[in-house]
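I have placed the structure first, in the form of structure tokens, so that the comments after it can refer back to it.
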Amino acid sequence: MTNEELISNIEKALAEIRPFLNSDGGDVSLISIEEDKHVKVRFQGACTSCSVNQMTLKAGIETTIKKYAPQIETVENIA
């Protein structure tokens, strides 16, 4: 998978999860992909102060990204 394809697939994954985040007043954006296997995202809006954002990160965002890009090993939120 090329770097462009990887970015596209991760953006597709974020687009799939985004409506759920938006419904609670939040959002997420892709910040970077390191070594083609580590993704950094940034929560926005209500997600920044949500008490369950780590669960959302692992159970929602990371799972969805790995569905579109199985080679991704980690997804991390950066403040």
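Residues T64, T56: which one is assigned to a helix (DSSP H, G or I), among the β-branched types (V, I, T) and at pLDDT below 95?
T56
Could you please give the count of residues in region 43-55 that are loosely packed, with under 15 Cβ neighbours inside 10 Å and within 25 Å of Q71 (Cβ to Cβ)?
2
Which of the residues that make up region 1-40 are touching a residue at least 60 places away in the same chain (Cβ under 8 Å) and either within 12 Å of the chain's Cα centre (by Cα) or surrounded by fewer than 13 Cβ atoms within 10 Å (Cβ to Cβ) (or both)?
M1, N9, I10
Between N3, N9, which is at pLDDT 95 or above and not aromatic (F, W, Y)?
Matching residue, one of N3, N9: N9.
The values are calculated or read from the model by the stated rules, or taken from the named source; none is laboratory data. Here the structure is a predicted model, which is why all the values come from computation and not from measurement. A quick note on method: Cβ atoms are made from the backbone with ideal geometry, for glycine too, and the neighbour counts reach across all protein chains shown.
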